[in-house]
Amino acid sequence: MKKSHAGIKQKSKKIVRLRMDAGFYFERAVQYLDRHRYDKAVKYFRLATEKEPDNPVNHCNLAGILSELGRFEESNEVLRKVLDEVDPELYECLFYMANNAANMGDLEQAEDHLLAYLSFDPHGDFVEEAEEMLYMIAQELGRPPKEWVPANLPDFIQAHERARNFLEEGRFLQAIELLEEISETHPEFLAARNNLALAYYYTGKLEQAMRLIGQVLEIDPNNLHALCNLAVLSQHMGEKEKSRQIIDMLKKLVPFHQEHTYKLATTLGILGEHEVAYELFSRLLKTGGIQETALYHYTAVSAWNSGRYDKARLYWRKAMKMESKAGVAAFYYQHMDQWLELDHPPTINYHYQLPFEEQLNRFDLFNPSEDIIKQLQSNLLLRSTFFWALSRGDYQTKKQVLKFLIWIADDEVKQLLEQFVSQPEEDKELKELAKIILQALSERGAEGSEKPASPSIIEVNRKWEKVLECCLEHVKTSMAHLHKEIERLWFEWAARNSDFSMIRKIEGWAAALEYLTAKYHGVTVTQRELAEKYQVSMSTVSRLARQLDTIAKECFS
């Protein structure tokens with residue numbers, strides 16, 4: 001007889017296999033989201049992407065939660081992977097990437113993503129939000145919003161839009177290179193020649209600009225952009241009668257398109273026809289539907305220059321409300337009463353920029369912040385002024401401009417410096433200084449530095465470098481906190497003095513460098529002590545300190 005175990009019933013056993021697919025991980029992630037367990041949610045969203053790597057929804061879910069957690073860079077990495085590897089046509093990822101970039105404070109990158117989104121998906125779900133964001137970014141950056149270009153345009157049209165962006169950003173040499181190519185391959189495309197003429201004008205190549213304008217007017221005698229450019233250029237070159245004839249003709253025009261009205265108003269304002277400029281700008285505000293800070297500013301400028309001071313105050317006040325922070329309009333508004341007390345109130349230029357002198361006053365070129373450097377790099381007025389000055393300025397102006405270009409330090413500047421060095425008629429000392437800057441920038445670029453840090457121009461020449469090394473070696477412990485200040489003073493001296501033959505006694509210059517840095521930072525040290533320390537005569541320290549003292553006052557006072 002078989003034995004049986006009491007109390008135990010035989011049951012049929014079934015094993016239910018748990019399906020841990022992408023859907024399972026997605027549901028788990030949502031559950032943890034509901035419980036505010038975001039770390040767990042990220043984990044399960046990531047597992048879902050691993051289970052279904054070709055499903056873009058999984059990746060977007062992961063990017064979304066990463067963005068919610070403030071991990072914007074990681075979120076953009078996921079979104080970029082979607083566009084590169086999963087679904088290149090899921091253009092909404094560009095909109096999400098723009099939001100992440102904006103949250104990281106990188107407004108230029110956010111703008112690029114928004115322009116790309118609108119170009120590829122002009123009827124997408126986020127078009128309205130994207131255009132609003134573009135406008136807000138432009139206000140924050142203090143300039144008009146960039147226009148997006150449909151992605152299906154012909155290649156040469158897209159290239160022309162890139163060239164226009166280069167012009168707006170002050171990258172004139174890059175614009176010239178692109179526009180020359182377009183003008184050669186598509187000679188019938190007159191817009192490229194008009195913009196090329198502007199680029200030549202900005203860089204001081206007046207004869208080439210005039211030649212191009214003539215070509216356009218031969219093909220289309222009524223081309224408004226060419227006529228406006230010709231009027232400005234003729235006046236600048238002293239051809240007053242020719243300029244007057246064109247101005248009289250332009251004043252009679254009534255443009256139909258907003259773009260033409262804007263161009264005509266700005267041109268006539270630049271040429272001193274402020275009454276007509278005011279009428280045109282006012283018409284744009286009333287009938288054009290354009291609500292730009294820059295347009296309100298230009299209307300205020302034309303009102304001021306035509307004696308309508310109350311109107312100018314009104315339009316600058318409106319522009320101030322549209323500016324995200326105190327900027328151009330605020331500056332002019334705040335100075336109105338001061339200027340009105342003068343016998344002859346100043347005429348204001350038609351630029352949506354602070355006055356050139358005011359911009360220079362706000363830049364600490366001895367120790368510029370990252371924000372200042374970005375302004376130098378992106379400021380159209382400054383860049384065009386620098387290009388013009390290097391082409392047509394006197395010796396001192398060119399020397400000062402070279403010092404400014406050190407801080408901009410982008411590919412455009414390197415190309416400009418290379419052109420400057422190659423000009424046989426330029427001053428030998430200035431070309432030597434340009435070579436020094438070029439080499440310093442090249443060496444810094446080779447080291448992989450993305451940010452223009454304080455340019456070590458001294459590294460280019462061994463004598464200058466040895467002076468700095470000698471000084472820093474001697475103050476290794478006694479003034480370690482002032483190393484940056486020593487470098488700052490020596491860089492500025494090097495930037496202003498390209499004649500290296502004057503460096504004979506390295507230790508003497510090092511002693512003078514330490515003495516003045518210590519003096520202006522409250523560190524007590526005598527010239528006699530430093531003479532003994534560096535093993536040079538006290539008269540050498542005194543003589544070289546006198547040579548450095550003017551620069552030291554500017555640096556440290």
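The values are calculated or read from the model by the stated rules, or taken from the named source; none is laboratory data. This one's a predicted model, so the numbers in the text were calculated from it and none came from an experiment. Here the Cβ positions follow ideal geometry from the backbone for every residue, glycine too, while neighbour counts run over all protein chains shown.
Tell me whether segment 234-246 contains one or more residues that are under 29 Å from the mean Cα position of the chain (by Cα) and closer than 23 Å to GLN353 by Cβ. Yes; the residues of segment 234-246 include at least one that is under 29 Å from the mean Cα position of the chain (by Cα) and closer than 23 Å to GLN353 by Cβ. The set of residues in segment 506-546 being assigned to a helix (DSSP H, G or I), exposed (fewer than 15 other Cβ atoms within 10 Å of the Cβ) and within 39 Å of the chain's Cα centre (by Cα) consists of ARG546 alone. List the residue pairs whose Cβ atoms are under 9 Å apart, where the first residue sits in segment 513-538 and is assigned by TED's automatic domain parsing to the domain that holds TRP464 and among the β-branched types (Val, Ile, Thr), the second is surrounded by fewer than 20 Cβ atoms within 10 Å (Cβ to Cβ) and in a loop (DSSP other than H, G, I, E, B), and the two are 6 or more positions apart or on different chains. Qualifying pairs under 9 Å: THR517/MET479; THR517/VAL523; VAL523/SER478; VAL523/MET479; VAL525/SER478; VAL525/MET479; VAL536/LYS505.
Residue by residue, here is whether (1) in the same structural domain as HIS274 (by TED's automatic domain parsing); (2) in contact with a Leu (Cβ under 6 Å, 6 or more places away or on another chain); (3) at pLDDT below 90 holds:
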residue	(1), (2), (3)
GLU239	yes, no, yes
SER243	yes, no, yes
ILE247	yes, yes, no
LYS251	yes, no, no
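Okay, residues lined up against (1) under 24 Å from ASP411 (Cα atoms); (2) modelled with pLDDT of 90 or more:
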{"residue": "PRO145", "(1), (2)": "no, no"}
{"residue": "PRO150", "(1), (2)": "no, no"}
{"residue": "ALA163", "(1), (2)": "yes, no"}
{"residue": "LEU179", "(1), (2)": "yes, yes"}
{"residue": "ALA192", "(1), (2)": "yes, yes"}
{"residue": "ASN195", "(1), (2)": "yes, yes"}
{"residue": "LEU198", "(1), (2)": "yes, no"}
{"residue": "TYR202", "(1), (2)": "yes, no"}
{"residue": "LYS205", "(1), (2)": "yes, no"}
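When THR477 is tested against (1) surrounded by fewer than 16 Cβ atoms within 10 Å (Cβ to Cβ); (2) in a helix (DSSP H, G or I); (3) modelled with pLDDT under 85, just one condition goes unmet, and that condition is (2). Checked across segment 307-317, the condition of being over 25 Å from GLU273 (Cβ atoms), part of a loop (DSSP other than H, G, I, E, B), touching a residue at least 24 places away in the same chain (Cβ under 8 Å) and of a type in the set (Lys, Arg) holds for no residue. Taking the criterion of being assigned to a helix (DSSP H, G or I) and over 28 Å from the mean Cα position of the chain (by Cα), the residues of segment 82-96 that qualify are VAL82, GLU85, VAL86.
Being modelled with pLDDT under 90 and either closer than 21 Å to LEU141 by Cα or in contact with a Pro (Cβ under 7 Å, 6 or more places away or on another chain) (or both) is a description that applies to ALA330. Give me a count of the residues in segment 113-132 that are modelled with pLDDT of 85 or more and outside any helix (DSSP H, G or I). Matching residues across segment 113-132 total 1.
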